Amino acid sequence: MKSDLKAKRNNWCEKTVKLAQIEEELHRRVKEIFLKTVPRYYEHTLKVVANIKNIMKEIDASEDRTVLLLAAYLHDIGYSVAYRGDYVGNIGPQALRTRLHSDVGAKFAEGILKSMGIEPEIIKKVSYLVSVHHQQDIEDRYLKILLQADKV
């Protein structure tokens, strides 16, 4: 019984350390991308990440925490994608900017996460959240949490 408890505690510690390492690398990449392209979205992203971290205190499953944290960092990454001589985050019509940043952001997020060696199932979930994070009519537990965190 004690060995089972010790094994569970060790597993939890390993997952926590791994998530911290992933976050450190992703934070560095997101900061670099936003500061070179559309800096105003970096501060917003940090606020969303802080909100997600507060929400995550109530979540037990490590995969859930990983998906939510990665989605918080990457939900607006599409604003940094080049578009017609500028960046998506700088184009005029709000409806076009919103649609484009979700669509191109999902693909961009996939590439970033693949290059970091993130598991394909987590990449799929994060990419989906990035692609739909402005659609409040979808019934998805992760999306509802991300939308809650994005209200800043």
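Quick rundown of the values:
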| read-out | value |
| --- | --- |
| Longest site-free stretch - the chain; sites: GluC sites (Glu not before Pro), DSSP loop, at most 14 other Cβ within 10 Å | 59-138 |
| Selected from Ile138, Ile55, Ile112 as most flexible by GNM, with the chain as the system and alpha-carbon contacts under 10 Å | Ile138 |
| Average Cα contact separation per residue, the range 2-149, under 8 Å, 6 or more apart, as relative contact order % | 22 |
| Principal-axis tilt of helix 120-132 within the chain, Cα atoms, nearest 10 degrees | 40 |
| Acute angle (nearest 10 degrees) that the helix 2-36 long axis makes with the longest principal axis of the chain, alpha-carbon atoms | 20 |
| Between helix 94-115 and the chain: long-axis angle, C-alpha atoms, 0 to 90°, nearest 10 | 40 |
| Average silhouette area of the chain, convex hull of alpha-carbon atoms, in square nanometres | 9.6 |
| FRET efficiency for Lys114 and Ile59, using Cβ-Cβ distance with R0 set to 22 Å, rounded to 0.05 | 0.35 |
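All of the numbers you see were taken from the coordinates with simple rules; none came from a lab. A quick note: this is a predicted structure, and the numbers were derived from the prediction, not measured. Note that we place each Cβ from the backbone using ideal geometry, even for glycine, and neighbour counts take in every protein chain shown.
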